[in-house]
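Following: one structure in structure tokens, then a few remarks.
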Amino acid sequence: MKVSIWRGGKVGRFVAYEVPRLENQTVLDVVTYVQRKLDPSLSYRFSCRVGMCGSCAMTVNGKPRWTCRTHVSKVAVGGTLEIAPLGNLAVIKDLSVDMRVFFDKWAKAGGAFKGDKTRDDDFALIKPADKQRQNANAGIECIGCGVCYAGCDVVRWKPDYLGPAALNRAWTLVNDARDTQGPVRLQLIAGENGCLGCHSQQSCQEHCPKHLSPTASIAGLKRAVSVAALKGRL
Amino acid sequence: MNADLAYADKMDSRLWLIQRITAVVLAVAVVVHLATIIVAVQGGLSAAEIVSRVGGSLGWAMFYGVFVVAAGLHAPIGLRTILREMTPLSPGATNGLMIAFGTVLMGFGFRAVLAFYEMGGG
């Protein structure tokens, strides 16, 4: 199988490799084969290999994907693969991108949980059917892989836009009854670079490997911001 | 968060909200406007017919007055977002241009509304 892999940093080129095609083979298997057998200088990132850690995302044949759970048979158009680093992030080398901006935006969006209970307090009692809890549950399985961020057109147009993952995280906390940062967080995520910048094009949910819907989360934030603005709390 | 950023975010949020509210107004206003056109042209379109219907009518003047305000707010806010995303114009220049654009839009709109009102029933 012919595989083209991006080599270099911001400036670089695709280098072609010949990799044996196996019946059961993921894109990460292909990259690992190249690094172990053909060129040990190839840089890429992975950890768990089972879709939990969110570190192996790359651009495969033009689309951002988690490579450890993407089978070659599903994506190799015409039997070839083109593997590039994730978009919208600075390339460090080859397939490794600098994720700092991505995670810094989680912090900027008020992504840290802050409660007011201590270990001596009792557990918060929240019913599973609680509407807010269900909203939080819908977004909580994010693994922070950056696929949605790489696929977001608004991030490409406006590099300061917080992006789908950070805003999805904020939405899960807005719906967390134990969290105390409500109005503060809404101020952080309002504005053009926050949830109001989203054009609802839904690339994020199209690409999300966990089938989450950051678009719906962002829509929820827009509603929350609107209500807060109308009540003069923003 | 610094004060300038907070102010800009506050303004963005207000503008966003104004654009959503004016969108709702426009959605209703455009439907009424289109339905009126479709009904009105059944007997052929003539200036005299339009003037006899709209001219001097306080109700239509108020309806189109609201329409003009909604359009004059909605369009520049949307265009502002497009300019900020797609062009290298500074935020200040974009805001200035859009205030001018909105003013012109509302000016033309109110000129038409007033002209029909002052015309009387033809």
(request) Inspect all residues belonging to region A:180-197 and state whether any of them is more than 9 Å from every other protein chain (Cβ to nearest Cβ), among the β-branched types (Val, Ile, Thr) and farther than 27 Å from A:Ala124 by Cβ. (result) no
(message) Just the residues that are more than 14 Å from the chain's Cα centre (by Cα) and open to solvent by 40 Å² or more (accessible area, probe 1.4 Å), please, taken from region B:69-92.
(response) B:Ile82, B:Arg84, B:Met86, B:Thr87, B:Pro88, B:Leu89, B:Ser90, B:Pro91, B:Gly92
(request) State all residues of region A:131-160 that are over 18 Å from A:His207 (Cα atoms) and in contact with a Gly (Cβ under 8 Å, 6 or more places away or on another chain); if no residue qualifies, say none. (result) A:Asn135, A:Lys158
(message) Among the residues of region A:116-147, what is the count of those that are open to solvent by less than 20 Å² (accessible area, probe 1.4 Å) and out of contact with any strand residue (DSSP E or B) (no Cβ under 8 Å at 6 or more places or on another chain)?
(response) 3
(request) For residues that are free of Cβ contacts under 8 Å to residues at least 60 places away in the same chain and open to solvent by less than 20 Å² (accessible area, probe 1.4 Å), tally how many sit in region A:71-115. (result) 3
(message) Need the failing condition index for A:Phe123 against (1) farther than 17 Å from A:Thr180 by Cβ; (2) part of a loop (DSSP other than H, G, I, E, B), just the number.
(response) (1)
(message) Against the definition (touching a residue at least 24 places away in the same chain (Cβ under 8 Å), of a type in the set (Lys, Arg) and surrounded by fewer than 16 Cβ atoms within 10 Å (Cβ to Cβ)), how does A:Lys10 come out, yes or no?
(response) yes
(request) Considering each of B:Val66, B:Val41 in turn, give the residue that is open to solvent by 80 Å² or more (accessible area, probe 1.4 Å) and either modelled with pLDDT under 85 or more than 13 Å from every other protein chain (Cβ to nearest Cβ) (or both). (result) B:Val66
(request) Return the pairs, sorted by first residue and then second, in which the second residue is outside any helix (DSSP H, G or I) and not acidic (Asp, Glu), the first residue lies in region A:28-39 and is over 20 Å from A:Trp66 (Cβ atoms) and free of Cβ contacts under 8 Å to residues at least 60 places away in the same chain, the beta carbons are less than 9 Å apart, and the residues are 6+ apart or on different chains. (result) A:Lys37/A:Val19; A:Leu38/A:Tyr17; A:Leu38/A:Val19; A:Asp39/A:Ile5; A:Asp39/A:Arg7; A:Asp39/A:Val15; A:Asp39/A:Tyr17
(message) For A:Thr172, only one of the following conditions fails: (1) buried (at least 18 other Cβ atoms within 10 Å of the Cβ); (2) out of contact with any Ser or Thr (no Cβ under 8 Å at 6 or more places or on another chain). What is its number?
(response) (2)
(message) Can you confirm whether A:Lys63 is in the same structural domain as A:Asn193 (by TED's automatic domain parsing) and touching a residue at least 40 places away in the same chain (Cβ under 8 Å)?
(response) no
(message) Out of everything in region A:201-234 that is within 14 Å of chain B (Cβ to nearest Cβ) and either under 12 Å from A:Leu167 (Cβ atoms) or among the acidic types (Asp, Glu) (or both), what residue ends up being surrounded by the fewest Cβ atoms within 10 Å (Cβ to Cβ)?
(response) A:Ala219
(message) I'd like to check something: does region A:150-161 contain any residue that is within 25 Å of A:Thr70 (Cα to Cα), touching a residue at least 40 places away in the same chain (Cβ under 8 Å), away from chain B (no Cβ under 14 Å) and in contact with a His (Cβ under 9 Å, 6 or more places away or on another chain)?
(response) yes
(message) Checking B:Trp60 against (1) within 12 Å of another protein chain (Cβ to nearest Cβ); (2) in contact (Cβ under 8 Å) with a residue 40 or more places away in the chain; (3) under 27 Å from B:Leu114 (Cβ atoms): exactly one of these is not met. Which one?
(response) (1)
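The values are calculated or read from the model by the stated rules, or taken from the named source; none is laboratory data. All values reported here derive from a predicted model rather than from experimental measurement. Cβ sites come from the backbone with ideal geometry, for glycine too, and all protein chains shown count toward neighbours. Just the protein is used for accessible areas: all its heavy atoms, side chains included, with ligands, DNA and RNA removed. Shrake-Rupley method; radii C 1.70, N 1.55, O 1.52, S 1.80 Å.
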